[in-house]
1. Only one of (1) modelled with pLDDT of 75 or more; (2) closer than 30 Å to Gly261 by Cβ is not met by Lys32, so which one is it?
2. Among the listed residues Trp255, Trp244, identify the single one that is closer than 30 Å to Phe61 by Cβ, in contact (Cβ under 8 Å) with a residue 24 or more places away in the chain and of a type in the set (A, V, I, L, M, F, W, C).
3. With the structure loaded, tell me whether Tyr252 is of a type in the set (Ser, Thr, Tyr) and under 21 Å from Ala155 (Cβ atoms) or whether it fails that test.
4. State all residues of the stretch 208-252 that are in a strand (DSSP E or B) and touching a Gly at 6+ places or on another chain (Cβ under 6 Å); if no residue qualifies, say none.
5. So Thr203 fits all but one of (1) outside any strand (DSSP E or B); (2) farther than 24 Å from Asp292 by Cα; (3) of a type outside the set (Phe, Trp, Tyr); what number is the exception?
6. Does Asn111 count as touching a Ser or Thr at 6+ places or on another chain (Cβ under 7 Å) and either closer than 22 Å to Tyr217 by Cβ or without any contact (Cβ under 8 Å) to a residue 40 or more places away in the chain (or both)?
7. Filter the stretch 256-285 down to residues that are among the polar types (S, T, N, Q) and in a loop (DSSP other than H, G, I, E, B), then give me how many there are.
8. In the stretch 176-191, which residue that is assigned to a loop (DSSP other than H, G, I, E, B) and of a type in the set (S, T, N, Q) is surrounded by the fewest Cβ atoms within 10 Å (Cβ to Cβ)?
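The values are calculated or read from the model by the stated rules, or taken from the named source; none is laboratory data. All of these numbers come straight from a predicted model, not from anything done at the bench. Methodologically, a virtual Cβ is constructed for each residue, glycine included, from the backbone with ideal geometry; neighbour enumeration extends over all protein chains shown.
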Amino acid sequence: MKKLSILFLLVLTAVSINGQTAEELKKEQAPKKAQIAKLQGEVKALQAKIDALPGWRKGAFGTIGGSFSGFNNWYSRSAPTATAGNIGVTVNGFANLIKEDFFWRNSAAVNLGWVKLDEEGVSGDEDFEATTDVFTISSLYGKRLNKKWALSGLAEYRTTIIDNFNDPGYLDLGIGATWTPTNNLVVVIHPGNYNFVFSSGDTVFESFLGAKVVADYTQKYGKLSVKSNLSMFQSYDTSDLSNWTFTNSFGYTIWKGIGVGFELGLRKNKQEALNDLQTRESNPNPTAGFDDVDNKLQSYYLLGLSYAF
């Protein structure tokens, strides 16, 4: 009994020592966390000063998403033997020259996707087919009036790469003003803009004069990279010739530049909707006009691995 009492006291002592040690370590840890938080704030403030310095600023990040599956004699399917694959790639990059009296901002965005469903006994479905196909490049020059406002000129080109390159293709050329309230937000307001639309053959696409508004936001919050871009064209002739595209890209770095990425794109373009209605393979309607179009919201998304360059 005496030995049990001694053992019990030893256990209580060990637990007590461990408890005291944990409390002591927590007390020692608290001021170090405060020091780290202070240093992080100082580093962030220094980075803001670096970002405000004149010179080139370049960056890029992208997302790769993919899945592959196969079925062999899986009789619950209507086609028991088949393989399927889905691949998506998106890249966002920028190169900006920032000076005290002017700026030159350049950006490019690419989003490509392919899908395949190859069923045994069915011919013609062996190859990958394009699903997402987006390409945008822009160049903005601005002569500063003050720190936040500048007289500017913009060239922006949008098309597809895999299918129907430059058919249609959109080229906006315009002049006006640009507002830069922060280093990460750029708002372009160009009342004098011509929207050139390129297409082959006899199509519904037309070029017209209008107003161009672009809002671009690029920021990095620790390991999270964010880029949002809204591009709008308002025709002075008719709203049927107006269009807008809104893209949002996110990349979260987990390890050595590798992480998780997500991109969402939205668009409304009545000319594209009418062209699809007139030429679609399943049920073409070549005599359709703008009044016959249900201008639905276009969208795409991609979720997968990302890499920050």
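1. Failing condition for Lys32: (2).
2. Values: Trp255 fails: in contact (Cβ under 8 Å) with a residue 24 or more places away in the chain.
Every option except Trp244 fails the conditions.
3. On the way: of a type in the set (Ser, Thr, Tyr): yes; under 21 Å from Ala155 (Cβ atoms): no.
So Tyr252 does not fit the description; no.
4. Taking the stretch 208-252 and keeping what is in a strand (DSSP E or B), we get 208-221, 224-235, 243-252.
Of everything in the stretch 208-252, those that are in a strand (DSSP E or B) and touching a Gly at 6+ places or on another chain (Cβ under 6 Å) turn out to be Lys212, Ser225, Phe233, Gln234, Ser235, Thr247, Gly251, Tyr252.
5. The single condition Thr203 does not satisfy is (2).
6. Working: touching a Ser or Thr at 6+ places or on another chain (Cβ under 7 Å): yes; either closer than 22 Å to Tyr217 by Cβ or without any contact (Cβ under 8 Å) to a residue 40 or more places away in the chain (or both): yes.
Yes; evaluated as a whole, the condition is true for this residue.
7. Of the residues in the stretch 256-285, the ones among the polar types (S, T, N, Q) are 269, 271, 275, 278-279, 282-283, 285.
Now drop any that are not in a loop (DSSP other than H, G, I, E, B), which leaves 282-283, 285.
Qualifying residue count for the region: 3.
8. Within the stretch 176-191, the first condition is being assigned to a loop (DSSP other than H, G, I, E, B), and the residues that meet it are 180-184.
Right, trim to of a type in the set (S, T, N, Q) and you get 180, 182-184.
Details: Thr180: 20, Thr182: 10, Asn183: 14, Asn184: 14.
If we take residues in the stretch 176-191 being assigned to a loop (DSSP other than H, G, I, E, B) and of a type in the set (S, T, N, Q), then Thr182 is surrounded by the fewest Cβ atoms within 10 Å (Cβ to Cβ).
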